[in-house]
Amino acid sequence: MKAIVIGSGIGGLFSAGILSEKGYDVVIYEKLAFPGGRFTNLEYRGFQLTTGALHMIPHGSRGPFAGMLRKLGADVEIVDSAPEATALYNGEVYEVVSDSFPILTVMKFAWEVFKEKIFRKEKSLWDMVSGFDPFTKKFTRAFCGWSLSILPEDMPFSRMKKIYDMVRRYRGPGIPIGGCRAVIDSLIEVLESNGVKIFLKHPVERIITDGSIVRGVEVKGERIESDVVVSDIGHSLTAGLTQSEDYMSWVENLIPSRGIKISVAVKEPFVGHTGVMFTLDTERISGMNEVTQADENLAPGGYHLVMTHQPVITSNVRYEINLGLKDLKKLMGDREYEILAIQSYSGDWPVNRVSAGRDVGFRTPFENLVVVGDGAKEDGIEVEGIAVGVVRAMEEL
Amino acid sequence: MLYITESCVGCAQCMFACRKGAIEVEGKAIIDNDVCSECMRCRDYCPLDAIRIVSE
Ligand SMILES: Cc1cc2nc3c(=O)[nH]c(=O)nc-3n(C[C@H](O)[C@H](O)[C@H](O)COP(=O)(O)OP(=O)(O)OC[C@H]3O[C@@H](n4cnc5c(N)ncnc54)[C@H](O)[C@@H]3O)c2cc1C
């Protein structure tokens, strides 16, 4: 049996790993000159910046993502963040633990969860927390912006509850030694030893369909047959490659989430720990991390690498960037810092191909074509949701 | 001469790829064609096919 994987992002590589273990002959086609998609390092001025991700695995060594790495035999060392998170609020830094939230809020939360279970009325996360204390409200906003790049107004509460449960179960984030790229390199090593072939600079131009099944793909004008096709490029682009009107109209309304990441060089530590620092006093920036606290080799000697993240709220990206830069200036005060890169994400290179909580699953109108990656996540933050989604999709094939 | 199309979202991967330092990005990429050597490495890093070449 032959499988073709379109795209070498996390979803594509995980799928290739599972399929090759099942005995499939797997070929991956990647359009770009490097593997890993939005989860790998690109070096810039000696700093290990990234294509997308903030070098963080949402549940560190304990979550489904790390579980998948272990299952496939990919050897990655993950430093679990300690503390998991702090919050900068009214100029003071607090460690975020369950005690950080007023007892009244905790009780109100339990009551809201209960009501949601009984009445099953769909509410947004913001509706839910709007009656809470100011710290909890601001923290909720920062958490959504940092972890999901969305506003709490756009997050259905029932889906957030699942993420909340996962955080309780698997705890907070971790940083892979070597950054995102260490994950990609070790996955590729495993895949190659399983006989998987990866072709870089080979964009898939078309998915060849025949009624309700797919026959293969077209790459560089050549027809390549396969028994199954796994697409790691999201539903919208996949639908486009099939040219199926039905599929295209079905996925027409999927909205990606947008975001802006600013990578900053500092000489003195700013965050000072391996976790996330949520920023509650800012206009746009939701939080930041300092990955060199876990792995000093992610920056040249004498420097720390700070990365900030913010969701995009208006349609004017330049305006959003300016607000982010203003926040940064305020946060840094009279410290010395240098901006390395400002990266914005939207459209077909977004933070998430489908906004958190709006995922539509891995199925397509074609029996032997599935979509993986952040265009078809299961509940879970970012790459954790991708890992869970891949398992579901591969069970189905 | 290189130019950037409307599909650029500003992910800056071309800036990281460029060995001449000819690209700056803030919301969108800008290429300094006086510095650019047309090696086309940037195009291999662009996820959105937003970099085009035109002969003068
Ligand atoms: C700013 C930012 C910060 C983030 N931070 C984090 C974080 O800290 N932790 C975390 O867990 N997640 C984070 N994420 C999300 C995470 O990066 C993505 O969810 C994840 O990398 C997406 O993986 P994927 O498998 O969906 O595919 P992608 O990474 O999108 O890979 C798809 C691949 O397919 C290729 N491709 C496209 N079209 C074709 C074609 N026609 N033929 C062949 N190949 C094709 C692309 O070039 C790409 O390599 C962040 C994202 C962004 C943008």
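Since every read-out is calculated from the coordinates, none of them should be taken as a lab result. Please read all numbers here as calculations on a predicted model, not as lab measurements. Note: ideal-geometry Cβ built from the backbone for every residue, glycine included; neighbour counts use all protein chains shown.
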Past the 22 Å Cα-Cα mark, which pairs from A:LYS161/A:LYS377; A:LYS161/A:LYS261; A:LYS121/A:LYS161; A:LYS71/A:LYS261; A:LYS326/B:LYS28? A:LYS161/A:LYS261; A:LYS71/A:LYS261
Sorted from fewest to most neighbouring beta carbons within 10 Å, what does the list B:VAL9, A:VAL351, A:VAL371 look like? B:VAL9, A:VAL351, A:VAL371
If region B:2-53 were replaced by its equivalent ellipsoid, with semi-axes equal to the square roots of 5 times the Cα gyration tensor eigenvalues, what would those be, largest first, whole Å? 15, 11, 10
Net length gained if the chain between A:ASN90 and A:ARG363 were fully extended (0.36 nm per residue, minus Cα distance): 93.7 nm
Listed residues A:PRO256, A:PRO176, A:PRO83; largest mean-square fluctuation, Gaussian network over chain A with Cα springs below 10 Å, found at A:PRO83
What's the exposure ranking of A:TRP111, A:TRP250, going from fewest to most Cβ atoms within 10 Å? A:TRP111, A:TRP250
Calculated from backbone phi, Karplus (6.51, -1.76, 1.60) coupling profile of region A:23-29 in Hz, x at Gly/Pro: x, 6, 7, 10, 10, 10, 10
Among all cysteines in the protein assembly as shown, which have no other cysteine Cβ under 4.7 Å from their own Cβ? A:CYS144, A:CYS180, B:CYS8, B:CYS11, B:CYS18, B:CYS36, B:CYS39, B:CYS46
Taking the alpha-carbon centre of each part, the distance from region A:226-268 to region A:273-329 in Å is 24
Quickly work out the A:SER100-to-A:PHE270 label distance, labels modelled 7 Å from Cα along the C-beta direction, and quote it in nm with one decimal. 1.8
Between the Cα axis of helix A:180-193 and the main Cα principal axis of chain A, the angle (0 to 90°, nearest 10) is 20
Any idea what the relative contact order of chain A is, in percent, if you count C-alpha pairs under 8 Å spaced at least 6 apart? 24
What shape does the protein assembly as shown have by the C-alpha gyration tensor, where a ≥ b ≥ c are the square roots of the eigenvalues, rounded means a/c under 1.5, and otherwise prolate means a/b greater than b/c and oblate the rest? oblate
When the Cα centres of region A:145-201 and region A:339-397 are compared, how far apart do they sit, in Å? 10
Measure nothing but the geometry: give the 0 to 90° angle between the long axis through the Cα atoms of A:382-396 and the longest principal axis through the Cα atoms of chain A, rounded to 10°. 30
Residues other than B:ARG43 with Cβ under 12 Å of its Cβ, Lys/Arg counted +1 and Asp/Glu -1, net out at +1
Set of aspartates and glutamates near A:LYS108 by C-alpha distance (under 15 Å), chain-local residues within fewer than 8 positions excluded: A:ASP99, A:GLU116, A:ASP127, A:ASP133
Rounded to whole Hz and in sequence order, give me ³J(HN,Hα) for region A:112-123 from the Karplus expression 6.51 cos²θ - 1.76 cosθ + 1.60, θ = phi - 60°, writing x for Gly and Pro. 5, 4, 4, 4, 4, 5, 6, 8, 6, 8, 6, 10
Three-way shape label, region A:65-146, alpha-carbon gyration tensor, a/c 1.5: oblate
Extending each Cα 7 Å along its Cβ direction at A:SER130 and A:THR314, get the distance between those two points in nm, one decimal. 2.3
Taking the beta-carbon count within 10 Å as an exposure proxy, list A:LYS137, A:LYS115 from fewest neighbours to most. A:LYS115, A:LYS137
Using alpha-carbon positions, the gyration tensor of region A:101-211 gives root eigenvalues a ≥ b ≥ c; with a/c under 1.5 called rounded, otherwise prolate if a/b exceeds b/c, else oblate, the class is prolate
May I ask for the angle, rounded to the nearest 10°, between helix A:157-170 and the longest principal axis of chain A, with both axes built from Cα atoms and the value confined to 0 to 90°? 80
In what sequence, highest mean first, do A:201-209, A:58-66, A:22-30 appear when ranked by Cβ atoms within 10 angstrom? A:58-66, A:22-30, A:201-209
What does the average come to when, for each residue of peptide B:9-21, you count the partner chain Cβ atoms lying within 10 Å of its Cβ? 6
Compute the signed sum of charges (Lys and Arg +1, Asp and Glu -1) over the other residues within less than 10 Å, Cβ to Cβ, of A:ILE4. -2
Simple spin-label model, 7 Å along Cα-to-Cβ: B:ARG52 to A:GLU296 in nm? 4.9
Local electrostatic count, A:PHE199, Cβ distance below 11 Å [Lys/Arg +1, Asp/Glu -1]: +3
Counting partner chain Cβ atoms within 10 Å of every residue's Cβ in A:340-349, what's the average? 6
